[in-house]
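Scroll down for the structure; my scribbles are underneath it.
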Amino acid sequence: MKTIFTVLLIFCLVHPAFAGEKISEKDKNEIEALLKKQVDAWNDGNIEKFMDTYWHSDKLVFVGSHGPTYGWQATLDNYKKGYPDKKAMGHLDFKIFNISKIDKNTAFVIGRFELKRDAGEMNGYFTLVIQKIKGRWLIISDHSSAEG
């Protein structure tokens, strides 16, 4: 039942009939640039620069395998604990499946991450809510789930 609800929710959010408005090329390009900045920062071993793409707020939400984490600092701390150095971080790639507008200043992204590292590959999917805050697109909610 939970899976059916999740699939229906995602369908409603990304299907054009339910989306708030069509995403402009400019907004799509800016969001893609934000995601590229994440990948580049990760692959440079720079978690702080990677975290620059997230909303620097206690209201930021990151949902991973251990449940939700609230706040920018707590999310940064978790990343640093899980990935203490560049070797542990490995090499990240994203595949973006869909970017859609929810409203004028909010977008929804569905994608796949592929992380290659000495400790073993980790692959999975993510959904992001990205919002334009003070003229910048920033991730306000990230739900990332690894496979298997």
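Readers should treat all values here as calculations from the given coordinates under stated rules, not as data from a laboratory. All figures in this text were calculated on a predicted structure; none of them were measured in a lab. Backbone-built Cβ (ideal geometry, glycine too); neighbour counts: all protein chains shown.
With 19 Å as the limit on Cα-Cα distance, the pairs of 37/104; 28/101; 59/86 that go past it are 37/104; 59/86.
Full extension of the chain between residue 97 and residue 30 gives 22.5 nm of extra length, using 0.36 nm per residue less the Cα-Cα distance.
Extending 7 Å from the Cα toward the beta-carbon at both residue 74 and residue 57 defines two label points whose distance is 1.6 nm.
For the residues 111, 67, 90, a GNM of the chain with alpha-carbon springs under 10 Å puts the largest fluctuation on 67. Helix 2-14 axis versus longest C-alpha principal axis of the chain: approximately 70°, rounded to the nearest ten. Of the trypsin sites (Lys or Arg not before Pro) in segment 65-148, the ones in a loop by DSSP (not H, G, I, E or B) with at most 11 other beta carbons within 10 Å are 104, 134. Entry note, the chain: the mean residue ellipticity at 222 nm calculated from DSSP H runs of n ≥ 4, each adding -39500 (n - 2.57), is -10500 deg cm²/dmol after division by the residues and rounding to the nearest 500. The antiparallel fraction among DSSP beta bridges confined to segment 23-146 stands at about 90%.
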